[in-house]
1. Report, to two decimal places, the Cα Rg of region 1-100 normalised by 2.2 N^0.38 Å (N = number of residues).
2. How long are the semi-axes of the ellipsoid equivalent to region 284-328, from square roots of 5 times the Cα gyration tensor eigenvalues, in whole Å, largest first?
3. Across region 88-230, what fraction of all alpha-carbon pairs, as a whole percent, falls in each successive 10 Å bin from zero upward?
4. Note down the Stokes-Einstein diffusion coefficient of region 33-172 in µm²/s, whole number, using a Kirkwood radius over alpha carbon pairs, 25 °C, and 0.890 mPa s.
5. May I ask you to evaluate 6.51 cos²θ - 1.76 cosθ + 1.60, the Karplus curve with θ = phi - 60°, for each residue of region 71-82 and list the ³J(HN,Hα) values in order in whole Hz, giving x for glycine and proline?
6. So, with a 1.4 angstrom probe, what is the percent of accessible area on the chain that is carbon and sulfur?
7. Using the reciprocal of the averaged 1/r over all distinct C-alpha pairs, how large is the Kirkwood radius of region 152-301 in Å?
8. Which trypsin sites (Lys or Arg not before Pro) in region 47-154 sit in a loop by DSSP (not H, G, I, E or B) and have at most 10 other Cβ atoms within 10 Å of their own Cβ?
Amino acid sequence: MLRVLRSGWLTTGPETLAFEKEFAGSFGDLSLHAIAVNSATSGLHLALEACGVGPGDVVLVPSYTFASTAEVVRYMGAEVAFVDCSPGTFHIDPDQLEKTAGRLSRGQPAYDRPGTGGPVGKPKAVMPVHYGGLCCDMQSIAAISRNYAMRVIEDSAHAFPARNPDGTMAGTTGDAGVFSFYATKTITTGEGGMVLSRDPDLISRMTLMRLHGIDRAVWNRYSDTGASWYYEVAEAGYKYNLPDLLSAIGRVQLSRAEELLAMRRRIATVYDAAFSGNEKLILPPTAPGDARHLYPLRLVNPEKRDAVIATLKESGIGISVHFIPLHT
């Protein structure tokens, strides 16, 4: 950070360009490109916009997620269809996804429950959420999405550097993957995020829309002595860029990603050992590639939850509920 401060260039510039290149490179796939943004929410919004989501469209999201997964759909004037999760996984249920996408494609309301017909429209995209660092069943989700011509935007805010069962990394199966560098994540810039994609059209559009729809990089206009000052505002874009000050932190954090992941896994194994065998508790589901972002401990008797939370807080133990189901 001191090096960036002394350089005289604080906003998006060479440090961010280097962070993007290094982040994409960490996946070991030369076809992937990365765009740094000021939050994962911004990244989800950019990805939806680049995929052409708009009024009349429906985007399918899990009912068990944070608000940002669905609110960005509303930014675009599209409708949200909530899809239930597979029991015990916290992840969008492929069978329910197939059912909901099928209803929408036939012009029916998203839901078949009496009195809750839900949205009607074209099933444009699905946004699976890799909850807690554990990867969704992306092979099934991708196959269903192809059948209904839906774009796939992976909400990978919890999932760097998590791996799917086939060894591929979270955020690399869909049309775009969006990651968070919020303070609690495996690597952090304090606030920030990254969008990953192989699609050159999506990358081009998101790059344009990330900073006011201006057709030239600010860094290039100011730093290249041979460049013209002239620029065009090609679209009504957004202010979603990540400054170099935060990218400098991100680059160091990225170099320690595996170390930080190993630290989380060590902490999780302490919890596993302490809680295993307790018949009142249900331990989190895990997998070999799990990023262990959260430790979602469940109670066999959920009515006791608030009392347990109060007791833990009295003991000075921080706790939260992830999440209040978004459809409620």
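1. After normalising by residue count via 2.2 N^0.38 Å, the value is 1.42.
2. Value: 21, 15, 11 Å, ordered largest first.
3. 11, 30, 30, 19, 7, 2, 0
4. Working: Rh = 15.0 Å.
It comes out at roughly 163 µm²/s.
5. The phi angles translate into 5, 5, 5, 5, 3, 7, x, 8, 9, 9, 10, 7 Hz.
6. Carbon and sulfur atoms account for 55 percent of the accessible area of the chain.
7. Computed over Cα pairs of region 152-301, the Kirkwood hydrodynamic radius comes out at 18.1 Å.
8. Values: sites: R74, K99, R103, R106, K124, R146, R151; in loops: R106.
Of the trypsin sites (Lys or Arg not before Pro), the ones in loops of region 47-154 whose Cβ has at most 10 other Cβ atoms within 10 Å are R106.
The values are calculated or read from the model by the stated rules, or taken from the named source; none is laboratory data. Because the structure is a prediction, the values reported are computed rather than measured. A quick note on method: Cβ atoms are made from the backbone with ideal geometry, for glycine too, and the neighbour counts reach across all protein chains shown. Surface areas here come from the heavy atoms of the whole protein model, side chains and all, with no ligands, DNA or RNA. Shrake-Rupley method; radii C 1.70, N 1.55, O 1.52, S 1.80 Å.
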